[in-house]
1. Is it fair to say Gln420 is surrounded by fewer than 20 Cβ atoms within 10 Å (Cβ to Cβ) and touching a Lys or Arg at 6+ places or on another chain (Cβ under 7 Å)?
2. Check Ser283, Ser330 and return the single one that is part of a loop (DSSP other than H, G, I, E, B), farther than 24 Å from Trp444 by Cα and more than 30 Å from the chain's Cα centre (by Cα).
3. Looking at Arg287, is it modelled with pLDDT of 95 or more and either within 28 Å of Met399 (Cα to Cα) or loosely packed, with under 15 Cβ neighbours inside 10 Å (or both)?
4. Being in a helix (DSSP H, G or I), within 30 Å of the chain's Cα centre (by Cα) and under 30 Å from Met144 (Cβ atoms) narrows it down to one of His380, His343, so name that one.
5. Among the residues of the range 424-449, write down those that are closer than 20 Å to Leu489 by Cα and either within 16 Å of the chain's Cα centre (by Cα) or at pLDDT below 95 (or both).
6. Are there any pairs with C-beta distances below 7 angstrom linking a residue in the range 462-487 that is assigned to a helix (DSSP H, G or I) to a residue that is exposed (fewer than 15 other Cβ atoms within 10 Å of the Cβ), with the two at least 6 apart or on different chains, and if so which?
7. Checking Leu326 against (1) modelled with pLDDT of 95 or more; (2) farther than 30 Å from Ala353 by Cβ, only one condition comes out false. Which one?
8. Residue check, Leu472 against (1) surrounded by 14 or more Cβ atoms within 10 Å (Cβ to Cβ); (2) over 30 Å from Phe185 (Cα atoms), all met but one. Which one?
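The values are calculated or read from the model by the stated rules, or taken from the named source; none is laboratory data. What you see is a predicted model, and the numbers here were worked out from it, not measured in a lab. Methodologically, a virtual Cβ is constructed for each residue, glycine included, from the backbone with ideal geometry; neighbour enumeration extends over all protein chains shown. Calculation scope for accessible area: heavy atoms of the full protein, side chains included, ligands and nucleic acids excluded. Shrake-Rupley method; radii C 1.70, N 1.55, O 1.52, S 1.80 Å.
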Amino acid sequence: MGPFDGGSSSSSSGSCAGKSPEIDGLLAGAGYKVRSSELSQVAQRLERLENVMVNASNEISQVASDVVHYNPSDLANWVDSMLAELTHPQYPPSDLQNFPHHDSWTDQIGNQQNQNLNHNQQLTMVSTMMDEEDSGIRLVHMLMSCAELMQRGDFSLVASMIQEMQVLLIRVNTRCGIGKVAGYFIDALSRRLFSPSSAVCGSDSALENEILYHNFYEACPYLKFAHFTANQAILEAFNGYDFVHVIDFNLMHGLQWPALIQALALRPGGPPLLRLTGIGPPSPDGRDTLREIGLRLAELARSVNVRFVFRGVVASRLEDVKPWMLQVHSKEAVAINSIMQLHKLLYMDPGRASAMDTVLSWIRSLNPRIITVVEQEADHNQPEFLDRFTEALYYYSTMFDSLEACGLQPEKSLAEIYIQREICNVLCCEGSSRVERHEPLIKWRTRLSESGFKPVHLGSNAFKQASMLLTLFSAEGYCVEEKEGCLTLGWHSRPLIAASAWQAVPDEPTRKRDREGDLSI
């Protein structure tokens, strides 16, 4: 298994098959099929091939006209085939009896000149292709070496290596594949080296984040999957209740809630009274953005005859929210909705109580019917920089690969900036400035279970809806899988986000008092 290969041994069900674990995952995302064990050998053979082609004579340009042996995506076999052809060229046999008559010489010469021209053009194309693939492989290894030097503190060597990679980047296509990914990671390394962490991590305004979030939502299915899956779980948890209350940890544009409002409007027996509490940061221009979103949602609810009450709670950080701000009533069925927010609580400030423990504690105190949690399926909270860098390089290479397959929507360029800012925060920032502390589902299972929550099976309806959602995207390769009651959405064999649902487990003393109270009655 290569340095970028990942996977899980747990049983799962899904609709797509994974790639062979022997193939290097990162290079496979760029379109190159190379076994991880052969990387160093392929690099040496590419260098040898480059020298051979530079010194190749015109007589062996015939190799460029053969169409049988070229499959550049199968890089190892392609290089071997090219070397075999160039070092052992096959010349046509000499046969004087077949020598052309004088009246056909002119045509033969003209045809030969055209063939030579085509051969030279194809040889140039093959050489360019080989050069780009060679450069892509070198970039991957240089990025890893640079990250290792960064961790060791050899900053002068890091600076020199960044310059070398920037020169090498000119030789690859930076609009897609490994060239684009390498460009973003070289930029992140440069920012970490040359810019103060506070300047790098504190420059994003709330308005910019909302715009980028919206474009990321439109460009690919990840946020839609999160919203649809969470909504289905909430809808099922509210079944039979006349007063329901959703607390959204990150309202943003309120993109998640029109679908839930419409689903509640169609509920047999009539819709409940819906209260929505949206948490969000203060607006930079002084506007009451949360209220504006609430008014739009209220207008939609009115149009489908759903009784609706909205409340906005302004907070820069989730840990600043207090339970009394949410005004939860005892007769309500409460749902807590966290879409890619809990990981921001993972920083441990030595001088303060754990933000994660604080928030999970007051969530339990509200006794919600359901807590929906969607998080990136990645491990970007590792203390060692090299480990974090390696995981991020593979994860975001897969993310960009999936985004490329979605076509040329106008939202895609801004969606890429949204992802680039995540990369920058993961790699450039430390301490409280590093908020993108993603952890995989297995760690969330342990954390939430130890904090007094039990998992809720998302069910077949959520799986079916998520699978139907992917039919809206023309790209093949997105994959929904069910794992122990949770759902993941990924690209081919790599899960990229995970959705789970939870309920609070009552404290043992509370259950005991309830039993004693029943007996006394």
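1. no
2. Exactly one residue qualifies, and that residue is Ser330.
3. no
4. Residue meeting the stated conditions: His343.
5. Filtering the range 424-449 for residues closer than 20 Å to Leu489 by Cα gives 436-445.
Glu436, Arg437, His438, Glu439, Pro440, Leu441 - these are the residues of the range 424-449 that are closer than 20 Å to Leu489 by Cα and either within 16 Å of the chain's Cα centre (by Cα) or at pLDDT below 95 (or both).
6. Ser467/Ser15
7. Only one criterion is unmet by Leu326, namely (2).
8. (1)
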